[in-house]
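Nothing in this text is a laboratory measurement; each read-out follows from the coordinates by a stated rule. Predicted, not measured: the structure shown is a model, and the values here were computed from it. Don't worry about glycine lacking a Cβ; one is built from the backbone with ideal geometry, like all the others, and counts go over all protein chains shown.
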Amino acid sequence: MLTNALLAITLAVRLTHFDAANFEASSVEAALTSGWQLPFVTPHRLVRQYLQPTSDYSAGHRGVDYSITPDEPLAAPADGVISVAKHLVDRSLIVISHAGGFVTELEPACAELSVGTGVLKGETIGSACIPDPSYKSHCTPGACLHLSLRLNGKYLSPLALIGGLNPSRLLP
């Protein structure tokens, strides 16, 4: 418990004093070496890939979706602090702030921990929950969990840190 409190204080200080204008590649390197994982204990089927939009306002899919069973436990993909845990419009969500300006979001996800709680990679943070009937899921039939990753407010594929991206191949 004391370790979680110290981690929360350390990460809160780091995130509060983070200056995006002076961002260095070292924070990305630190995130890559600290290790990330999927928010599940067992393997899950990837239902929908990340699709980079052509601009901040154009269509895209700013995360990845995995098939999931309602009430299934969810784990923190990396060390961090719960920054949002609430019901928003038609679904519940959990947002975790990580060192280096990284933020992950899981939805629909019901939190077991309160905002400000420090979490370690793999620690249970909540469970997959059923969204309101008005929620427009793009994973029908069945339920899915949306996992997104942001770095300094810009979306990128969570698979970049978790693993699973196919490498680029340059052709002659």
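Just a few scattered comments:
- Applying the criteria of a DSSP loop state and at most 16 other Cβ atoms within 10 Å to the trypsin sites (Lys or Arg not before Pro) of segment 66-172 yields LYS121, LYS136, ARG169.
- Ranked VAL89, VAL103, VAL41, criterion: other C-beta atoms within 10 Å, fewest first: VAL89, VAL41, VAL103
- This ranking places TYR57, TYR50 by how few other beta-carbon atoms lie within 10 Å of each, fewest first, which gives TYR57, TYR50.
- Length gained on full extension, ALA59 to TYR135: 25.5 nm, using 0.36 nm per residue less the C-alpha separation.
- Summary of the geometry: segment 119-148 and segment 56-81, compared by the centres of their Cα atoms, lie 7 Å apart.
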